[in-house]
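**Student:** Take this structure first; my questions come after.
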Amino acid sequence: MLDFITWTADPVWFNIGPFAVRWYSLAFMVGFLVGYEIESRIYRHEGAPERWLSILLLWTVAGTVIGARLGHVFFYEWDLYKQHPIEILYVWHGGLASHGGTIGIILGVFLYSFITTKRNPIWTFDRLVIPIALVGGLIRLGNLANSEIFGHATTLPWGFMFLRSREWHELYYGQACHPTQIYEALCYFALFGLLMWMYWKKNAQERPGLIFGVFLIGIFLPRFLIEFIKNPQVEFEQDMMLNMGQWLSIPFILAGFVLVAYAMNHPRLRLEFPDRFADESPAPTRKK
């Protein structure tokens, strides 16, 4: 008899009166705090103004939460929410879509670049996506803590039995399932390591668009492939050849390849790295 992993983790970290603090929320919080520190080191390394950091954090958090919520509403459950529009605001009930969060961040970065940095948005994307890869992995671990977004039944020895999941009891009781949250988390953590290596060891930021392109491929190509063994999130996906997550991933994957090709076919910049924050926006300088 196969010995599978029985998953009974409590999704709640602790309670404060009637309020529950969940591991999923902790994943978000830790991700943004660590991400802020990484971004701070990058901005200091390149001599960007320190005040840009707090502004970028606001745009990123707002873009992530609003975009992820609206992405879930419009991509997955519009038929429900159009009947009860006030429930769109009930974020604590769950329902966030990573593709929507990506779109929200993209829009936020364009506004941030136009209003604050006055630089090409690619400059921000190449630096911001490095910690976002880490955040993506942490969020998938939050999904694991919630016993949600798991995969089909499997006989592999690392299959999980999600005893706290109603969906698991209804569809797979007695069977183990693919822990797709862990699969995605490992991919995103590996991508985070790759992007850090590209930035700090290979100065890949001197090829505008390269880091951003690799990020898009590294996030959405694994997502596209893992969706084949993941349960549909909503009923209408049951009869689809490719589910909604896969269709939404395709444009991002293609954009990633275009950015990589563009970056590798244009002259490499030679940037100075003063390793200090600037008082005001400096223009990138080339090495002589």
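**Student:** Once amide H atoms are built 1.01 Å from N in the peptide plane, which residues 5 or more positions from Leu271, or in another chain, come under 5 Å H to H?
**Tutor:** For Leu271, whose amide H was placed from the backbone, the distant partners under 5 Å are Lys287.
**Student:** Right, another one. Compute the signed sum of charges (Lys and Arg +1, Asp and Glu -1) over the other residues within less than 9 Å, Cβ to Cβ, of Tyr199.
**Tutor:** Every neighbour counted, the sum reads +2.
**Student:** With the full set of protein chains in place, find how many percent of the accessible area of the chain is carbon and sulfur; take the probe as 1.4 Å. Don't skip to the end; give the middle numbers.
**Tutor:** Values: 10070 of 15340 Å².
In the chain, the share of accessible area belonging to carbon and sulfur is 66 percent.
**Student:** Where does helix 244-264 land angle-wise versus the long Cα axis of the chain, in degrees 0 to 90, nearest 10?
**Tutor:** 20 degrees
**Student:** If the cut-off is 12 Å between C-alpha atoms, which aspartates and glutamates fall inside it for Lys118, apart from same-chain ones fewer than 8 positions away?
**Tutor:** Glu280
**Student:** So for the pair Trp78, Met196, with labels modelled 7 Å out along Cα→Cβ, what separation do we get in nm?
**Tutor:** Distance between label points: 4.0 nm.
**Student:** Any idea of the accessible area per residue across region 1-150, 1.4 Å probe, to the nearest Å²?
**Tutor:** Counting only protein heavy atoms, the per-residue value for region 1-150 is 51 Å².
**Student:** Still on this structure, please answer the following. Using amide H atoms built 1.01 Å from N in the peptide plane, name the residues 5+ places from Arg22, or on other chains, whose amide H lies under 5 Å from its own.
**Tutor:** Result for Arg22 returns Trp13.
**Student:** For region 157-288, compute the number of Lys pairs whose alpha carbons are separated by less than 29 Å, excluding pairs fewer than 8 positions apart on the same chain. Working shown, then result.
**Tutor:** Working: Lys201/Lys287; Lys201/Lys288; Lys202/Lys287; Lys202/Lys288.
Lysine pairs meeting the criterion: 4.
**Student:** Hey, another quick one. Over the Cα atoms of region 1-81, what is the Rg over Rh ratio if Rh follows Kirkwood? Spell out each step's value before the answer.
**Tutor:** On the way: Rg = 18.6 Å, Rh = 16.3 Å.
Result: Rg/Rh = 1.14.
**Student:** What label, among [x] 106, 33, 26; [y] 67, 41, 34; [z] 56, 44, 39, belongs to Cα extents along the principal axes in Å computed from the structure on display?
**Tutor:** [y]
**Student:** Can you tell me the alpha carbon radius of gyration of region 106-191 divided by the globular rule-of-thumb value 2.2 N^0.38 Å?
**Tutor:** Its radius of gyration relative to the 2.2 N^0.38 Å reference: 1.53.
**Student:** Given the whole protein assembly as supplied and a 1.4 Å probe, what does the accessible area of His266 come to in Å², nearest 10?
**Tutor:** Looks like 80 Å² after rounding.
**Student:** Taking just the alpha carbons, could you work out the radius of gyration and Dmax for region 44-110, both in angstroms?
**Tutor:** When restricted to Cα atoms, region 44-110 yields Rg and Dmax of 14.8, 50 Å.
**Student:** Also: Quick one: dipole size for region 128-265, taken about the Cα centre, charges +1 on Lys/Arg Cβ and -1 on Asp/Glu Cβ, in debye to the nearest 20.
**Tutor:** Approximately 560 debye in magnitude.
**Student:** Give the accessible area for Lys201 in Å² (nearest 10); use a 1.4 Å probe, count only protein heavy atoms, and leave out ligands, DNA and RNA.
**Tutor:** Its accessible surface works out to 150 Å², give or take rounding.
**Student:** Near Cys187, within a Cβ-to-Cβ distance under 11 Å, what is the net charge of the other residues, with Lys and Arg +1 and Asp and Glu -1?
**Tutor:** +1
**Student:** Continuing with the same structure: Have a look at the DSSP beta bridges in the chain and tell me what percent are antiparallel, nearest 5.
**Tutor:** Counting only bridges with both partners in the chain, antiparallel ones make up about 65 percent.
**Student:** Under a 5 Å amide H to amide H cut-off, with H placed in plane at 1.01 Å, what residues pair with Met161 once short-range neighbours are removed?
**Tutor:** Ile5, Thr6, Trp7, Cys177
**Student:** To continue, here is another question. Output ³J(HN,Hα) for region 155-171: one whole-Hz value per residue in order, computed from phi by the Karplus curve 6.51 cos²θ - 1.76 cosθ + 1.60 with θ = phi - 60°, and x for Gly and Pro.
**Tutor:** 9, 5, x, 9, x, 10, 9, 8, 5, 8, 9, 5, 4, 5, 5, 6, 9
**Student:** Given 0.36 nm per residue, what is the gain on full extension from Val30 to Trp13 after removing their alpha carbon distance, in nm?
**Tutor:** Difference between extended and current length: 4.8 nm.
**Student:** What do you get for the angle between helix 180-200 and the principal long axis of the chain? Use alpha-carbon atoms, 0 to 90 degrees, nearest ten.
**Tutor:** Between the helix axis and the principal axis of the chain, the angle is about 10 degrees.
**Student:** Same structure again: Given only helices, namely DSSP H runs of n ≥ 4 each adding -39500 (n - 2.57), what is the per-residue ellipticity at 222 nm of the chain, to the nearest 500 deg cm²/dmol?
**Tutor:** After summing the helix terms and dividing by residue count, I get -18500 deg cm²/dmol.
**Student:** Relative to the longest principal axis of the chain, what angle (0 to 90°, nearest 10) does the C-alpha long axis of helix 210-226 take?
**Tutor:** Helix 210-226 sits roughly 10 degrees off the main axis of the chain.
**Student:** Find the relative contact order for the chain and round it to a whole percent, using C-alpha pairs within less than 8 Å whose residues are 6+ positions apart.
**Tutor:** The value is 24 percent.
**Student:** Per-residue HN-Hα couplings for region 98-112, Karplus 6.51 cos²θ - 1.76 cosθ + 1.60 at θ = phi - 60°, whole Hz, x for Gly and Pro?
**Tutor:** Per residue, the Karplus-derived 3J(HN,Hα) values read 5, 5, x, x, 5, 4, x, 5, 4, 5, x, 5, 4, 5, 4 Hz.
The values are calculated or read from the model by the stated rules, or taken from the named source; none is laboratory data. Just so it is clear, the model here is predicted, and its values are computed rather than measured. Using ideal geometry, Cβ is built from the backbone for each residue, glycine included, and neighbour counts are taken over all protein chains shown. Just the protein is used for accessible areas: all its heavy atoms, side chains included, with ligands, DNA and RNA removed. Shrake-Rupley method; radii C 1.70, N 1.55, O 1.52, S 1.80 Å.
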